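K.L.:
Structure provided below as structure tokens; questions to follow.
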Amino acid sequence: MTDYRPMTGLPETAGYKAGDCLVLFGELFGRGYANGLVEEARRIGMTVIGTTVGRRDSDGMLRPLTTDELNEAEALLGGRIVNIPLEAGFDMEPMAGRPSIADQLKKVRPDDWDKISFSDESIESVRAAGAARFRTNTGQVANELARTIPQGASVLFSHVMAGGFPRARIFMLLLNRVFKGTGDKYLSSELFWESGIGRLCAASFDEVTADTFRYLIEETADLRERISGSGGKVRYTAYGYHGTGVLVGGEYRWQSYTPYLPGYAKMRLETIAAEAFEHGIPATVFNCPEIQTNSSALFLGVEISLYPLLTAIRREAGDGVVSPLRERCQGMLTEGKSLEMLLERADSYLTSPVMSEILDYGTWPQHSTREQAELMLASSAELIGMHADQKQLVCAELSRVVFLATGRLMLHESWNPRASTLWLNHDIIARLLADELGAGII
Ligand SMILES: NC(=O)c1ccc[n+]([C@@H]2O[C@H](COP(=O)([O-])OP(=O)(O)OC[C@H]3O[C@@H](n4cnc5c(N)ncnc54)[C@H](O)[C@@H]3O)[C@@H](O)[C@H]2O)c1
């Protein structure tokens with residue numbers, strides 16, 4: 001288990017210069033974390049190069065983007081995309097003479113979910129096939145980059161990808177019960193995780209969320225040598241999650257969303273970075289706060305720990321900095337509700353004995369309990385209910401602040417990283433906003 005190591009001081013300004021490149025390893029979505037890195041790279045004149053997960057048509061074949069899709073994705077990124085599909089995982093890989101795991105799961109009746117199991121050998125064989133395809137495509141992306149990255153330029157590779165829930169309807173039904181279920185609909189995350197389908201999920205998370213970082217580092221070995229040989233530097237970052245230090249009961253305290261099942265894969269990601277670091281390759285996992293993105297939408301309640309960021313910014317950066325943000329957030333609440341009421345409600349969840357009883361860094365990630373799931377979901381609904389418009393949420397505003405701030409912290413720290421895993425907690429984000437380096441984020 002990685003030692004808990006929060007970033008305690010702001011990074012020095014990185015040595016990246018105009019013409020250096022940021023390469024996103026994972027596709028960019030509108031409100032995703034990677035937007036922060038892209039903004040910062042562009043602000044300092046770096047060239048942003050994107051990649052794509054690719055698309056699958058109804059025939060199930062993985063393909064690059066069409067011209068229209070590519071134009072749309074490049075417009076969103078504001079840069080060129082290497083159009084080679086980088087979908088990771090194995091749920092759609094054909095299984096020795098049988099349909100893919102996703103297709104086999106389509107035939108399972110929801111009530112039979114706990115009877116499903118795939119043998120270790122069959123999972124291993126599709127996993128190897130998926131990894132081989134992904135490595136080949138990553139190698140082709142590296143060759144393409146070798147042709148386009150200018151001599152002497154430094155390159156920052158940013159691993160963005162995470163996921164691995166097999167694509168079958170039965171999963172959506174089960175996950176809705178694990179992450180959003182109360183009463184009779186509640187399904188214990190432990191029961192799910194210990195089942196055959198849970199073990200399948202674990203292997204898939206490891207492959208998509210963690211092992212792709214290793215493949216990236218290995219498949220860019222030649223390119224790394226070439227860039228270093230021409231005087232440039234090569235750096236790797238990845239987005240991690242392993243709980244966050246936020247203000248709980250007036251003090252910064254580590255806490256976590258529960259049940260974060262991809263947590264095992266995120267710890268594996270930390271190990272991959274540590275191994276690279278030991279071999280002299282600057283690879284850093286930045287464990288980032290809970291925010292609202294396409295990927296976190298499933299984890300209802302994950303956003304509760306984001307509200308106290310408002311108090312952290314006031315404490316670290318002062319009223320002058322936080323006021324415009326507070327005004328915008330207050331403007332989103334329904335009549336009769338104040339930010340103080342919102343913050344008190346979030347704090348009452350975070351300080352509840354139910355949470356302190358189950359949370360423990362050493363044995364993370366914890367499984368859900370019915371009491372905890374019901375408390376979290378009720379708190380989340382009550383907080384969202386304080387808003388005037390369910391589409392204009394305080395947490396969306398705070399998520400933007402967080403992804404922009406973490407983008408700056410990661411990009412600058414990556415130049416000369418202090419460790420292979422660092423936590424970007426609410427205090428360092430708030431302190432960045434008080435600093436010149438954080439100018440213009442709020
Ligand atoms: N949202 C949060 O609260 C939070 C907190 C800490 C860390 N993170 C991490 O930040 C990173 C970006 O996530 P985000 O929340 O911004 O969401 P996002 O949806 O914008 O990004 C998810 C990325 O994963 C890629 N991806 C998903 N499945 C894939 C597959 N099978 N093969 C290849 N790529 C795949 C997507 O293409 C996309 O690039 C992830 O590593 C995530 O775990 C998120």
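The values are calculated or read from the model by the stated rules, or taken from the named source; none is laboratory data. Predicted, not measured: the structure shown is a model, and the values here were computed from it. Please note: Cβ atoms are built from the backbone with ideal geometry, for glycine as well, and neighbour counts cover all protein chains shown. Heads up: the accessible areas ignore ligands, DNA and RNA and are worked out on the full protein's heavy atoms, side chains in. Shrake-Rupley method; radii C 1.70, N 1.55, O 1.52, S 1.80 Å.
K.L.:
Just give me the residues in segment 248-267 being away from the ligand (no atom under 16 Å from the Cβ) and open to solvent by 10 Å² or more (accessible area, probe 1.4 Å), in sequence order.
P.N.:
Just the residues of segment 248-267 that are away from the ligand (no atom under 16 Å from the Cβ), to begin with: 248-253.
Matches in segment 248-267: Gly249, Gly250, Glu251, Tyr252, Arg253.
K.L.:
Right, here's the next one. Is at least one residue of segment 249-264 over 18 Å from Leu86 (Cβ atoms) and in a helix (DSSP H, G or I)?
P.N.:
Of all residues in segment 249-264, those over 18 Å from Leu86 (Cβ atoms) come to 249-264.
Then keep just the ones that are in a helix (DSSP H, G or I); that gives 263-264.
Yes, segment 249-264 contains at least one residue that is over 18 Å from Leu86 (Cβ atoms) and in a helix (DSSP H, G or I).
K.L.:
Would you list the helices (runs of 4 or more DSSP H) that sit entirely within segment 268-386 and hold 3 or more residues that are away from the ligand (no atom under 16 Å from the Cβ), of a type in the set (Gly, Ala, Ser) and out of contact with any strand residue (DSSP E or B) (no Cβ under 9 Å at 6 or more places or on another chain)? Step through it out loud before you land on a result.
P.N.:
On the way: elements: 309-317, 319-330, 339-350, 353-358, 370-385.
So the answer is 370-385.
K.L.:
Quick check on Arg55: is it within 15 Å of the ligand (Cβ to nearest atom), open to solvent by 60 Å² or more (accessible area, probe 1.4 Å) and either hydrophobic (A, V, I, L, M, F, W, C) or at pLDDT 95 or above (or both)?
P.N.:
Spelling it out, Arg55 is indeed within 15 Å of the ligand (Cβ to nearest atom), open to solvent by 60 Å² or more (accessible area, probe 1.4 Å) and either hydrophobic (A, V, I, L, M, F, W, C) or at pLDDT 95 or above (or both).
The rows are residues; the columns are (1) under 24 Å from Ser295 (Cα atoms); (2) away from the ligand (no atom under 16 Å from the Cβ).
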{"residue": "Ile101", "(1), (2)": "yes, no"}
{"residue": "Lys106", "(1), (2)": "yes, yes"}
{"residue": "Arg127", "(1), (2)": "yes, no"}
{"residue": "Ala153", "(1), (2)": "no, yes"}
{"residue": "Gly163", "(1), (2)": "yes, no"}
{"residue": "Ala168", "(1), (2)": "yes, no"}
{"residue": "Leu187", "(1), (2)": "yes, yes"}
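K.L.:
Applying the selection to segment 219-247, what residues are among the small types (Gly, Ala, Ser) and either away from the ligand (no atom under 16 Å from the Cβ) or within 16 Å of Asp20 (Cβ to Cβ) (or both)?
P.N.:
Residues satisfying the conditions are Ala221, Ser228, Gly229, Ser230, Gly231, Gly232.
K.L.:
Give me a count of the residues in segment 208-247 that are open to solvent by less than 40 Å² (accessible area, probe 1.4 Å), free of Cβ contacts under 8 Å to residues at least 12 places away in the same chain and not hydrophobic (A, V, I, L, M, F, W, C).
P.N.:
Residues meeting the conditions: 0.
K.L.:
Identify the single condition in (1) surrounded by fewer than 18 Cβ atoms within 10 Å (Cβ to Cβ); (2) within 30 Å of Ile291 (Cα to Cα); (3) touching a strand residue (DSSP E or B) at 6+ places or on another chain (Cβ under 6 Å) that Gln140 does not satisfy, given that it satisfies every other one.
P.N.:
Gln140 satisfies all of (1) surrounded by fewer than 18 Cβ atoms within 10 Å (Cβ to Cβ); (2) within 30 Å of Ile291 (Cα to Cα); (3) touching a strand residue (DSSP E or B) at 6+ places or on another chain (Cβ under 6 Å) except (2).
K.L.:
Would you pick out the residues in segment 11-32 that are surrounded by fewer than 21 Cβ atoms within 10 Å (Cβ to Cβ) and outside any loop (DSSP other than H, G, I, E, B)?
P.N.:
Result: no residue meets the conditions.
K.L.:
Within segment 272-294, how many residues turn out to be surrounded by 23 or more Cβ atoms within 10 Å (Cβ to Cβ) and under 16 Å from Ser228 (Cβ atoms)?
P.N.:
Count: 1.
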